[in-house]
Amino acid sequence: MRQLDLLQQWYVFRGERTEILHFLEMNPFLTPLLVETYTNIRQFFPYSLVYLIITTDSEEFGSDRLNVFIATDLDPDEALDALSAFDEKWWLSSLERTQGKLCITLEFL
């Protein structure tokens with residue numbers, strides 16, 4: 001199965017699907033990284049929906065970024081502990097590969 005197909009099955013696309021797909025086409029290094037990201041997120045947030053959305057910094061031209069939101073109903077302290085463990089186990093060592101185009105954060109339900 002193609003990696004883009006996997007992303008569309010695993011992630012919930014917020015906003016314009018075509019805009020997100022275009023962003024991924026323009027930044028092809030993100031697609032395999034998002035596959036890895038999802039599998040690592042699942043280790044710490046097995047029941048959470050994971051969303052993708054593009055954000056733009058209106059003060060900086062060309063600053064579009066893809067954001068991954070982990071929607072969790074965990075207690076905030078428990079969720080932050082899980083995010084810290086995710087960061088330490090995998091995310092911090094992968095940051096350079098994002099080229100500043102990917103951000104991961106929590107969304108509390």
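The values are calculated or read from the model by the stated rules, or taken from the named source; none is laboratory data. In this text the structure is predicted, and so the values were computed from the model without any measurement. Please note: Cβ atoms are built from the backbone with ideal geometry, for glycine as well, and neighbour counts cover all protein chains shown.
Taking first residues from region 74-90 that are of a type in the set (Phe, Trp, Tyr) and partners that are assigned to a helix (DSSP H, G or I) and modelled with pLDDT of 95 or more, the Cβ contacts under 7 Å between residues at least 6 apart in sequence or on separate chains come to 86/40; 86/41; 86/44; 90/40.
Results for (1) in a strand (DSSP E or B); (2) charged (D, E, K, R); (3) exposed (fewer than 11 other Cβ atoms within 10 Å of the Cβ), shown as yes or no for each residue.
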site	(1), (2), (3)
23	no, no, no
31	no, no, no
36	no, yes, no
52	yes, no, no
66	yes, no, no
80	no, no, no
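Taking residues in region 1-16 that are without any contact (Cβ under 8 Å) to a residue 12 or more places away in the chain, and partners anywhere that are among the aliphatic types (A, V, I, L, M), the pairs with Cβ atoms closer than 9 Å and at least 6 places apart or on different chains are 8/21; 9/1; 16/54.
Among the residues of region 56-66, are any of a type in the set (Phe, Trp, Tyr) and within 19 Å of residue 100 (Cα to Cα)? Yes, some residue in region 56-66 is of a type in the set (Phe, Trp, Tyr) and within 19 Å of residue 100 (Cα to Cα). Residue 43 meets each of the listed conditions (1) farther than 16 Å from residue 107 by Cα; (2) of a type in the set (S, T, N, Q); (3) at pLDDT below 95 apart from (3). Taken over region 46-101, the residue count meeting the criterion of being touching a Lys or Arg at 6+ places or on another chain (Cβ under 6 Å) and either modelled with pLDDT under 95 or charged (D, E, K, R) (or both) is 3.
Across region 1-21, the number of residues qualifying as part of a loop (DSSP other than H, G, I, E, B), surrounded by fewer than 16 Cβ atoms within 10 Å (Cβ to Cβ) and not basic (Lys, Arg) comes to 3.
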